[in-house]
Amino acid sequence: MKFKPPVSKNQELTATVTDLTYQGMGVVKVDGYTLFCDDALPGEEIRLHVLKVGKNYGYAKVIERLTTSKDRVESQGKAYSQTGIAPLQHLAYPAQLKFKQKQIQDLLKKAHLDDIEVAETIGMKDPFHYRNKAQVPVRGTKGDLKTGFFKRGSHNFLPLENFLIQDERIDEILKEVIKVLNAYELEPYDEERHSGMIRHLMVRIGHYSREAMVVIVTKNGRLPHDREIAEKIVAACPDVVSVMQNVNRDRTNVILGQKTKLLFGKDHIKDTLNGLEFEISAQSFYQVNPVQTEKLYQTAIRFANLTGEETAIDAYCGIGTISLSLAEKCRAVYGVEIVEAAIEDAKRNAELNELDNLRFEVGNAEDWMAKWKEKGIRPNVIMVDPPRKGLTESLIESATGMNPDRIVYVSCNPATLVRDIQSLMEKGYHVEGRIQPVDQFPQTEHVETVVLMSRNI
Ligand code: SAH
């Protein structure tokens, strides 16, 4: 018999929200059928309008809130939910921290790992304006360019000047850059026709150094009046020490292209983390919440339990931020990273901090792990901080094949983390102590986690 959903499109109904998804959407059950809706918190009774009915689940819109959750706070504006900049803005911050802890607990439970404990999420005092980096699309018309953001899951552009979670100075710099570009009557990128000029603006700022970098992402190699534009930007914003042009000719959602040109100043900015100095170039990964990154790294280093005698590997090392923190407390540190510019930064950063017990390699973490194993390197500690897709089986194979005492896993995706914990357990490792979530991304559903895994004796 064909399954017929118990609701139909455009139907209105009253229901109680029972849960919150990982994406921050309210969950309503109608005779076992799931409806998802924005801006709805567990416990709230709501009047709904059904928007879309699928085979297994559907979407609905809140038309009236009949009761209000005690965890609800006033939202800062619809735009931040619509664009996905701050999908959890309506949830009080302490409840956001609990929500993130529970996300990991739920995933562990599903994997029958309920006995692994998750500590309370480490939060921040002021959970707004924390980001040190902005990457915003530019649209509008020639002479009237606008910064903004795309509505979630679409290419509909919503103009915005206050981004809520970015360092406020970044918002100011963006406005000044737009003014300068408008004075030169430059065209915005037209996605549909794949024509025009200005695609995105990226601004990065050193949280402590206050040095800023502006990257103008263009569709074509030639940016008319490029030097003058750079000079005008620096004249308006003296804290901008670097103006770069990045060329991205492709029809793609990826923001940066391969080629970056220096237009003014130096090709990097400086910043400090836990007392160590770092140079960061345009293409390199650098954690976006500096206040929380310090806590994240302190946790990771504490978990590594170092005495000064250890050999450590930092896989996915970026510009060497964790590697250098390790090097202060280890005999030797090996780092690997796939982005060449990041490894150049990492090497410079080691020198800058007068640390000479590090070796950095450009390449795939998997390949290098296998090479180091072949060379007979015996790390006591392996630190991994992979992208969202997590670790591959072959990386786990060679990492555990080196028999480290401890593996410290820094993860930005609890789903792949739990999967990888299971694989590491099969290889003779166990979770030591509690898993520690750190809130790197307030107002969003994302959570960063640190886990210590020790070798079974
Ligand atoms: N530990 C660093 C970087 C973490 S982000 C920090 O905290 O700043 C993950 C890094 O892994 C990025 O720099 C990315 O470029 C790199 N990366 C992605 N895939 C990789 C792979 N297969 N091998 C090595 N590095 C990789």
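Specify the residue that is surrounded by the fewest Cβ atoms within 10 Å (Cβ to Cβ); the eligible residues are those in segment 323-344 that are of a type in the set (Gly, Ala, Ser) and away from the ligand (no atom under 12 Å from the Cβ). Selected residue: ALA332. At least 3 residues being aliphatic (A, V, I, L, M) is the threshold, and among the strands (runs of 3 or more DSSP E) wholly inside segment 378-457 those reaching it are 381-384, 406-411, 448-455.
Could you tell me whether segment 441-456 includes any residue that is basic (Lys, Arg), touching a strand residue (DSSP E or B) at 6+ places or on another chain (Cβ under 7 Å) and over 12 Å from LEU108 (Cβ atoms)? Write out each step before concluding.
Here is the first cut: in segment 441-456, the residues basic (Lys, Arg) are 455.
Now narrow it down to the ones that are touching a strand residue (DSSP E or B) at 6+ places or on another chain (Cβ under 7 Å): 455.
Remaining after also requiring over 12 Å from LEU108 (Cβ atoms): 455.
Yes, the conditions are met somewhere in segment 441-456.
Between ILE63, ILE104, which is out of contact with any His (no Cβ under 9 Å at 6 or more places or on another chain) and either among the basic types (Lys, Arg) or modelled with pLDDT of 95 or more (or both)?
Numbers: ILE63 fails: out of contact with any His (no Cβ under 9 Å at 6 or more places or on another chain).
Going through ILE63, ILE104 in turn, the sole match is ILE104.
Within segment 372-396, the set of residues being surrounded by 15 or more Cβ atoms within 10 Å (Cβ to Cβ) and more than 27 Å from the chain's Cα centre (by Cα) comprises TRP372, LYS373, ILE377, PRO379, ASN380.
Quick grid of which residues meet (1) over 30 Å from ARG251 (Cβ atoms); (2) modelled with pLDDT of 95 or more; (3) charged (D, E, K, R):
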| site | (1), (2), (3) |
| --- | --- |
| GLN76 | yes, no, no |
| LEU97 | yes, yes, no |
| LYS100 | yes, yes, yes |
| ALA111 | yes, yes, no |
| ALA134 | no, yes, no |
| ASP144 | no, yes, yes |
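Inspection of segment 220-237 identifies at least one residue that is in contact with a Leu (Cβ under 6 Å, 6 or more places away or on another chain) and closer than 16 Å to LEU201 by Cα. Cβ separations smaller than 8 Å between residues 6+ apart or across chains give no pair from segment 220-237 residues that are more than 15 Å from GLU185 (Cα to Cα) and in the same structural domain as LEU262 (by TED's automatic domain parsing) to residues that are of a type in the set (A, V, I, L, M) and surrounded by fewer than 15 Cβ atoms within 10 Å (Cβ to Cβ). Are any of the residues in segment 205-226 hydroxyl-bearing (Ser, Thr, Tyr), within 15 Å of the ligand (Cβ to nearest atom) and closer than 30 Å to VAL450 by Cα? No, because not a single residue in segment 205-226 is hydroxyl-bearing (Ser, Thr, Tyr), within 15 Å of the ligand (Cβ to nearest atom) and closer than 30 Å to VAL450 by Cα. Taking the criterion of being modelled with pLDDT under 95 and among the polar types (S, T, N, Q), the residues of segment 282-302 that qualify are GLN283, SER284.
Can you name every residue in segment 37-52 that is surrounded by fewer than 19 Cβ atoms within 10 Å (Cβ to Cβ) and at pLDDT 95 or above? I'd like the intermediate steps shown before the answer.
Within segment 37-52, the first condition is being surrounded by fewer than 19 Cβ atoms within 10 Å (Cβ to Cβ), and the residues that meet it are 38, 42-43, 45, 47, 49, 51-52.
Once the filter is applied, which keeps residues that are surrounded by fewer than 19 Cβ atoms within 10 Å (Cβ to Cβ) and at pLDDT 95 or above, segment 37-52 yields PRO42, GLY43, GLU45, ARG47, HIS49, LEU51, LYS52.
Screening GLY265 on (1) at pLDDT 95 or above; (2) on the phi < 0 side of the Ramachandran plot shows it passes everything except condition (2). Restricting attention to segment 268-289 and to residues that are small (Gly, Ala, Ser) and in a loop (DSSP other than H, G, I, E, B), the residue that is farthest from the ligand (Cβ to nearest atom) turns out to be GLY275.
Residue count for segment 319-363 under the criterion of being assigned to a strand (DSSP E or B) and either of a type outside the set (A, V, I, L, M) or in contact with a helix residue (DSSP H, G or I) (Cβ under 8 Å, 6 or more places away or on another chain) (or both): the result is 10.
Anything in segment 262-307 that is within 30 Å of ARG193 (Cβ to Cβ) and surrounded by fewer than 17 Cβ atoms within 10 Å (Cβ to Cβ)? List them, or say none.
Restricting attention to segment 262-307, the residues satisfying the condition of being within 30 Å of ARG193 (Cβ to Cβ) are 262-263, 282-283.
Of everything in segment 262-307, just one residue is within 30 Å of ARG193 (Cβ to Cβ) and surrounded by fewer than 17 Cβ atoms within 10 Å (Cβ to Cβ), namely LEU262.
Selection of first residues in segment 282-302 that are charged (D, E, K, R) and of second residues that are at pLDDT 95 or above and near the ligand (Cβ under 10 Å from one of its atoms), restricted to Cβ pairs under 8 Å at least 6 apart or on distinct chains, gives the following pairs, ordered by first then second residue: GLU294/LEU273.
Just to be sure before I move on: is VAL254 out of contact with any Lys or Arg (no Cβ under 8 Å at 6 or more places or on another chain), within 15 Å of the ligand (Cβ to nearest atom), within 19 Å of HIS200 (Cα to Cα) and of a type in the set (A, V, I, L, M) in the structure I sent? The answer is yes for VAL254. Taking segment 250-284 as the range and being charged (D, E, K, R) and in contact with a strand residue (DSSP E or B) (Cβ under 8 Å, 6 or more places away or on another chain) as the test, the residues that pass are LYS259, LYS261, LYS266, ASP267, LYS270, ASP271, GLU277, GLU279. Look at segment 192-209: where a residue is on the phi > 0 side of the Ramachandran plot, no partner that is at pLDDT below 95 and not in a loop (DSSP other than H, G, I, E, B) sits 6+ places away or on another chain with Cβ atoms under 9 Å.
For residues that are in contact (Cβ under 8 Å) with a residue 12 or more places away in the chain and either farther than 20 Å from LEU452 by Cβ or surrounded by fewer than 19 Cβ atoms within 10 Å (Cβ to Cβ) (or both), tally how many sit in segment 111-121.
Within segment 111-121, the first condition is being in contact (Cβ under 8 Å) with a residue 12 or more places away in the chain, and the residues that meet it are 111, 113, 116-121.
Next, only the ones that are either farther than 20 Å from LEU452 by Cβ or surrounded by fewer than 19 Cβ atoms within 10 Å (Cβ to Cβ) (or both) stay: 111, 113, 117, 119-120.
Matching residues across segment 111-121 total 5.
Would you confirm, using the coordinates I've provided, whether TYR316 is more than 7 Å from the ligand (Cβ to nearest atom), touching a helix residue (DSSP H, G or I) at 6+ places or on another chain (Cβ under 7 Å) and over 15 Å from ASN274 (Cβ atoms)? Considered against the rule, which asks whether it is more than 7 Å from the ligand (Cβ to nearest atom), touching a helix residue (DSSP H, G or I) at 6+ places or on another chain (Cβ under 7 Å) and over 15 Å from ASN274 (Cβ atoms), TYR316 comes out as no.
Is it the case that segment 290-311 has a residue that's within 11 Å of the ligand (Cβ to nearest atom), more than 30 Å from HIS225 (Cα to Cα) and in a strand (DSSP E or B)? Within segment 290-311, none of the residues are within 11 Å of the ligand (Cβ to nearest atom), more than 30 Å from HIS225 (Cα to Cα) and in a strand (DSSP E or B).
The values are calculated or read from the model by the stated rules, or taken from the named source; none is laboratory data. Computed from a predicted structure; not experimentally measured. Cβ atoms come from the backbone with ideal geometry, glycine included; neighbour counts cover every protein chain shown.
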